[in-house]
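For reference, the structure is listed below as structure tokens.
Every number here is computed from the coordinates shown, using simple stated rules; none is lab data. All values reported here derive from a predicted model rather than from experimental measurement. Cβ atoms come from the backbone with ideal geometry, glycine included; neighbour counts cover every protein chain shown.
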């Protein structure tokens, strides 16, 4: 029997049984008499971070400003720990303030928390250090380094007055219920990229530079995030793109366009996952065993995960 007819028969039986009970004079207390209602899903609390003008003029404020400077110009202010052309605010827009772009005020109040990525409870400092290792394709600063202390102070200050231990509205990239209408397509994504992305990010995803500094970030290649970064997963990239891209026009792409653009972006080579061990196949099994990761998948005759040549210094 096909699944659909079977479902119909079961549903019909649920209606017939209580009707039969009523016809025999028996009291019925089934879901037909008292329809069960799904409990309402509570809306997440909203929050607005304080303006920069509210940063105090004291030693704490100086550390907050240092953290803001690192966040917005990471390649300059945290250069020893950065191995590509990205800054923190490339993935966390508007200096870490913008909702639905993984804002830092929402991230700070979610930690400590367990992360399956490294199978342990992470502190906020752990999370920051991981960003340097993966998204910045660099090395993790020491937990007590000025870089981590300053970024923590900045995030703590942005979260001033926010409830702790809770998800806030706009806390990450909006993935809840965000599914591709059709399986993501490289060919369609190539067209979306050419129409909506290449103007800023370059024909070959190389980004754009002015006076040797990236003003639009590279999306693949040696100057981009490595295979261990969360943005390397198609679902994360699609949600970010849908909510935030094209720049200043977030929400204008269709859902399908966002998924296809993410597929195209992540179907290109980037620096090796620093967790690489033994082989691409073994590394995929350990760290990329997901339908949304293209690591270890052959695209257009190229096995993704071979990494990129060393970046030009």
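Within the range 95-118, the residues that satisfy the criterion of being in a loop (DSSP other than H, G, I, E, B) and under 19 Å from residue 175 (Cα atoms) are 97, 98, 99, 100, 101, 102, 103, 110, 116, 117. Does at least one position in the range 63-75 carry a residue that is crowded, with 21+ Cβ neighbours inside 10 Å and part of a loop (DSSP other than H, G, I, E, B)? Scanning the range 63-75 turns up no residue that is crowded, with 21+ Cβ neighbours inside 10 Å and part of a loop (DSSP other than H, G, I, E, B).
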